[in-house]
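One structure below.
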Amino acid sequence: MAFWNREWSWPSWLRPADGRSVFESGNPATNAIELTKRRQTVSLTKQGAASGNLRVNLSWRMRTSDIGGYTKRGGLLRNPGSLFKPEIVQAQGPAVVKIDLDLACMYELKDGSKGVVQPLGNFLGDINSPPYVKLSGDDRFGGTSGETIYINLDHRDEFKRLLVFVYIYDGTPAFDRTHAVVTLYPSNGPRLEIGLDERAPQARSCAVLLIENVKGELVVRREVRYVYGFQAELDRLYGWGLHWGPGTKEKV
């Protein structure tokens, strides 16, 4: 039996003139690129998306779990009629965990200035002046809209690095009990998605992604690193050098 082993290549009419695609295409079903352990980085510059406002959104919903569920059914040989009877499942009611997730961003500019944009302490930032990062507000209940940070990439040359992270302000440390997704909406090309779906039941914070200016190229890198403390521990992990103190949010 013979096999055709000719090396496959793009047809000439589909091949870009310079041999490279203008930007990576997303999932055909969702028009999104999922950043995973195998695919950790995307260049906004190469995507043609290193300008305008980059929208970073956190959305989540609480996960329900059935506790103690089990099934009782005899063997078919002993009770053949059970094949046509509905299965009886005994379980306790769903356990719902209440969690308040906050989206935040540590920034470091080329001039050496550093800081944080976050709901805690009402550090909401500014989109048209330093740090060129703005938090839209604080969503304490999850939902479809979630929380959004806007990053003004028209000032990309002033950025050194940006660390987008999520922390649990209120409620039990239970990242493993939420469906949380951080989505980036660039000005061009498909959106980028990072799911916080790894099991870290005791973690209170998670470094989600890092945006770095590497020789004039803006690169997004998936991090998804869970820690058991809050901002100060993330600061030490990434060497930011900020001074942290206790803080609270206004009651609603």
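Summing Lys, Arg as +1 and Asp, Glu as -1, what charge do residues with Cβ under 13 Å from the Cβ of Lys37 carry, Lys37 excluded?
Result for the neighbourhood of Lys37: +1.
Computed with a 1.4 Å probe over protein heavy atoms only, the accessible area of Cys105 comes to about 0 Å². A simple charge model with +1 on the Cβ of Lys and Arg, -1 on the Cβ of Asp and Glu and nothing else charged puts the dipole of the range 179-252 at about 100 debye relative to its Cα centre. Sparsely packed loop sites in the range 161-230 (the trypsin sites (Lys or Arg not before Pro) outside DSSP H, G, I, E and B with at most 12 other Cβ atoms within 10 Å) comprise Arg199, Lys215.
Heavy atoms of the protein chains alone define the surface here; on that basis the range 151-208 has 35 Å² accessible area per residue at 1.4 Å probe size.
Between Ala232 and Thr41, residue separation times 0.36 nm minus the direct Cα-Cα distance comes to 66.2 nm.
The values are calculated or read from the model by the stated rules, or taken from the named source; none is laboratory data. This one's a predicted model, so the numbers in the text were calculated from it and none came from an experiment. Because the Cβ atoms are built from the backbone with ideal geometry, glycine has one as well, and the counts that use them run over all protein chains shown. In case anyone asks, the SASA skips ligands and DNA or RNA and just uses the protein heavy atoms, side chains included. Shrake-Rupley method; radii C 1.70, N 1.55, O 1.52, S 1.80 Å.
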